[in-house]
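Data first, discussion second: the structure below is written as structure tokens.
The values are calculated or read from the model by the stated rules, or taken from the named source; none is laboratory data. Note that this is a predicted model, so its numbers are computed, not measured. Cβ atoms come from the backbone with ideal geometry, glycine included; neighbour counts cover every protein chain shown.
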Amino acid sequence: MAGPVARQFGGARRRLIEELQAKGVHDVAVIRAFDLTPRHLFVPTGVQHRAYEDASLPIGNGQTISQPSVHATYLATLALAGTERVLEIGTGSGYQTVLLAHLAAQVFSVERIAPLLERSRAVIAQCGVTNVSLLLGDGTHGWKAYAPYDAILVSAASPDVPKPLLEQLADGGKLLVPVGGRDEQRLVLVTRHGDRYDRQDLNAVRFVPLVGDHGWTDDAR
Ligand code: SAH
């Protein structure tokens, strides 16, 4: 991205990147994506002064934008080469969607809350990325029309790995999903090898619930 929007908060964005590097994020492509993505556009104006803290922040409708270091973990784990077709479940603010747009060939993202999706659509356009497609709906069903995906990232927590997402994973593809209770989960990495799915449990995480047919069936806290 170029122009005045990119230059705004440039110093704060630099400091966030240094903080991420100090926390062990060294992947050059991932760092570049953070550098190209103006996080202050993805948060409500009331918390814009905190946009470049390594913290999750409220984005309205009871949802949050994730902590940048959590996005960095996801992105470093996937090690995208730039050629992939990626599916994201839980567009939220659209921030990670734009990070992905800088790291993959095509990004498909599904969000269930209409006002969030519309706001993220506007900000994504403002960022000038054109390789993103958005869908309003229950992402626990995936997005069949464009499957299979080389990578699937779920940004909300599920009691179990949603089955349709396994089916929409390409051979050799990777799926990242937080699995566990409503309040604490473990990040799970599933890698598909033909009909075999290798599951690896990674670090402890905290995400808002994945609400849908193959997730939590109600959003009561
Ligand atoms: N990566 C986003 C995370 C937003 S929070 C960001 O950093 O902004 C998780 C999002 O998942 C919320 O916006 C929530 O509405 C959405 N979500 C929850 N269940 C969903 C489902 N079944 N399908 C699509 N989106 C869902």
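A few notes on this one:
- Test: residue in the range 51-61 that is touching a strand residue (DSSP E or B) at 6+ places or on another chain (Cβ under 6 Å), under 18 Å from residue 152 (Cα atoms) and within 15 Å of the ligand (Cβ to nearest atom): no
- Cβ-Cβ distances below 6 Å connect the following pairs, each with a first residue in the range 69-85 that is more than 9 Å from residue 150 (Cβ to Cβ), a second residue that is in a loop (DSSP other than H, G, I, E, B), and a separation of six or more residues or different chains: 69/23; 69/54; 72/25; 76/27.
- Test set (1) under 11 Å from residue 91 (Cα atoms); (2) among the charged types (D, E, K, R); (3) exposed (fewer than 15 other Cβ atoms within 10 Å of the Cβ) - residue 171 fails condition number: (1)
- Scope the range 62-73; condition closer than 16 Å to residue 98 by Cβ and either more than 14 Å from the chain's Cα centre (by Cα) or among the hydrophobic types (A, V, I, L, M, F, W, C) (or both); matching residues: 65, 70, 72
- Tabulated pairs, the range 99-122, first among the acidic types (Asp, Glu), second near the ligand (Cβ under 9 Å from one of its atoms) and in a strand (DSSP E or B), C-beta under 7 angstrom, 6+ apart or interchain: 111/136
- Residues being under 12 Å from the mean Cα position of the chain (by Cα) and farther than 10 Å from residue 30 by Cβ - total across the range 74-83: 0
- Answer residue from the range 88-116, given it is under 22 Å from residue 203 (Cβ atoms) and assigned to a strand (DSSP E or B) and is nearest to the ligand (Cβ to nearest atom) among those: 89
- Note on the range 62-87: among residues that are surrounded by 17 or more Cβ atoms within 10 Å (Cβ to Cβ) and assigned to a loop (DSSP other than H, G, I, E, B), the one that is nearest to the ligand (Cβ to nearest atom) is 66.
- Test for residue 59: is it more than 16 Å from residue 102 (Cα to Cα) and either part of a loop (DSSP other than H, G, I, E, B) or in contact with a helix residue (DSSP H, G or I) (Cβ under 8 Å, 6 or more places away or on another chain) (or both): yes
- Of the strands (runs of 3 or more DSSP E) lying entirely inside the range 129-221, those containing at least 1 residues that are within 13 Å of the ligand (Cβ to nearest atom) and within 17 Å of residue 77 (Cβ to Cβ) are 149-154, 169-180, 185-193, 196-205.
- A single member of 33, 6 is assigned to a helix (DSSP H, G or I), modelled with pLDDT of 95 or more, out of contact with any Phe, Trp or Tyr (no Cβ under 8 Å at 6 or more places or on another chain) and under 28 Å from residue 114 (Cα atoms), and it is 33.
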